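What follows is a set of notes on a single structure, which appears directly below.
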Amino acid sequence: MDFRLTEEQQALRDTARQFAQTEMPAVAKELEEKDEAISKEWLKRYAEMGFLGINVSPELGGLGLGNLEALIVLEEFAKVSPAVAFPIFESSVGPIRAVEHFAGSELAKSVVPKVCAGEIVCAVAMSEPDAGTALTDLKTRAVLDGDHYILNGQKRWCSGGGHSDSYVVYTKLSDEPGAKGIGALYVEKDRDGVSFGPRERLMGFRGIPSADIFFEDVRVPKENLIVPAGGFRKLMEAFDLERCGNSTMCLGIAQAALDQALDYVQERKAFGKELVEFQAVQLKLAEMALKVEASRLLIWRAAQNAEDGLPSILDSSLAKCFSNEMVREVTGAALQVMGGYGYAKEYGMEQRMRDGWGWGIAGGAIDIQKINIASALVGRRFNQRA
């Protein structure tokens, strides 16, 4: 067991770090101020650098590297901001991987290369007004009518809603109850009957647009079926990889917060000496570093255990749960160490705290991850409805 990165992985990390730290801070600042998604021009630049679809097969336009390599790159961009990291998230651990793994070859060949080339953005549409944590309660429904599905319903809390070019839509595909009736369709934004609500205004995640999505008698070709009814488990397997991406967003934010706090306490003076000379500050820094490193190890273990496939629900839930709590604690401690400067928008720490908090809500709340962990430990699912 070797915890060191290979030379190739180090080179990839260094390339991503150099690009992210020199090219993206000004872009991230603009996205935060304007609350706009990153431009298609930057997506093309990402694609040229090989940052999109890092772990996607070369036959579908990716680099063909492993999940660990994708997460290493994602962390470097997340250190700058989640908004500039989000295209990497979507292309490497997001819904497009469900298309790659489970859709028919023709659909995968027509969609995945475009995402890897920065030509389109694909988002996942899962939650609904009455189905978030209890996802199997969803009401969106698709009925087969000849060569098309007729799709009706509403989605909420879709990161990319209204902005993305296409959506992996979780929907009922049969009358079977609960998970047995759920599958997924690939739905393009410009199909007749697809519309969007007003932009959601969130505490953080600025630069990652989201909005309700409405489907009114949308005709979706049969060929756009990703997973048929009864394939909910497959969708969740793909989502286990997204949990690792969620965890890595937390890791990047927390590492950046620690780095900034380290610089600050060695420059700022009080009572005639640097803040880092005070034992209370030293203890806080050590605690922050412990949590960041533990998070990184849990994420990398989940990715490595999965090799090039999909991580287990136990590994991914452990990583996500710990990282979601860790980023809140680390950004909070970093903000406190910086005092008034941490609380001021000009220095960016308050943004890290706002952005970090959201990842413990997105992609399955923290307490749900704990239920997943307990279920995996005892080898059975718990009925939350009983």
*For the stretch 112-149, what are the residues that are of a type in the set (Ser, Thr, Tyr) and in contact with a strand residue (DSSP E or B) (Cβ under 9 Å, 6 or more places away or on another chain)?*
Ser127, Thr136, Thr140, Tyr149
*Is it the case that Glu216 is charged (D, E, K, R), assigned to a strand (DSSP E or B) and either out of contact with any Leu (no Cβ under 9 Å at 6 or more places or on another chain) or at pLDDT 95 or above (or both)?*
yes
*Mind checking which pairs have a first residue in the stretch 375-386 that is more than 15 Å from Ser312 (Cα to Cα) and free of Cβ contacts under 8 Å to residues at least 24 places away in the same chain and a second that is charged (D, E, K, R) and surrounded by 10 or more Cβ atoms within 10 Å (Cβ to Cβ), Cβ under 8 Å, 6 or more apart or different chains?*
none
_Filter result for the condition that a residue is modelled with pLDDT of 95 or more, touching a Lys or Arg at 6+ places or on another chain (Cβ under 6 Å) and not charged (D, E, K, R), over Ala184, Ala211, Ala254_ = Ala211
*Can you tell me which residue among Arg219, Arg233, Arg201, Arg206 is more than 23 Å from Ser91 (Cα to Cα) and either within 22 Å of the chain's Cα centre (by Cα) or of a type in the set (Ser, Thr, Tyr) (or both)?*
Arg201
_Test: Met249 is touching a Pro at 6+ places or on another chain (Cβ under 8 Å), at pLDDT 95 or above and in a helix (DSSP H, G or I)_ = yes
_helices (runs of 4 or more DSSP H) within the stretch 296-367 that include 3 or more residues open to solvent by less than 30 Å² (accessible area, probe 1.4 Å) and out of contact with any strand residue (DSSP E or B) (no Cβ under 9 Å at 6 or more places or on another chain)_ = 313-338, 349-358
*Do any residues in the stretch 311-322 that are closer than 19 Å to Lys291 by Cα have Cβ atoms under 9 Å from those of residues that are not in a helix (DSSP H, G or I), where the two are at least six apart or on different chains, and which pairs are they?*
Ser316/Leu310; Ser317/Gly364; Ala319/Pro311; Lys320/Trp359; Lys320/Gly360; Lys320/Gly363; Lys320/Gly364; Cys321/Gly360
*asked:* I'd like to check something: does the stretch 273-280 contain any residue that is in a strand (DSSP E or B) and surrounded by fewer than 22 Cβ atoms within 10 Å (Cβ to Cβ)?
replied: yes
*In the stretch 207-221, what residues are open to solvent by less than 10 Å² (accessible area, probe 1.4 Å) and closer than 30 Å to Gly146 by Cα?*
Ile213, Phe215, Val218, Val220
*Residues of the stretch 222-248 being over 30 Å from Arg301 (Cβ atoms) and open to solvent by less than 20 Å² (accessible area, probe 1.4 Å), which ones?*
Asn224
*Just give me the residues in the stretch 22-69 being closer than 18 Å to Ala303 by Cα and open to solvent by 70 Å² or more (accessible area, probe 1.4 Å), in sequence order.*
Leu63
*For residues that are open to solvent by 20 Å² or more (accessible area, probe 1.4 Å), closer than 18 Å to Pro95 by Cβ and of a type in the set (A, V, I, L, M, F, W, C), tally how many sit in the stretch 144-177.*
2
*asked:* Quick check on my filter: what residues within the stretch 124-143 are in a strand (DSSP E or B) and open to solvent by 40 Å² or more (accessible area, probe 1.4 Å)?
replied: Arg141, Val143
_Filter result (in a loop (DSSP other than H, G, I, E, B), open to solvent by less than 70 Å² (accessible area, probe 1.4 Å) and among the acidic types (Asp, Glu)) within the stretch 188-206_ = Glu200
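The values are calculated or read from the model by the stated rules, or taken from the named source; none is laboratory data. Being a predicted model, the structure only gives us computed values, none of them experimental. Positions of Cβ are generated from backbone atoms using ideal geometry, with glycine treated the same way; all protein chains shown enter the neighbour counts. Please note that ligands, DNA and RNA were not included when accessible areas were found on the heavy atoms of the full protein model with its side chains. Shrake-Rupley method; radii C 1.70, N 1.55, O 1.52, S 1.80 Å.
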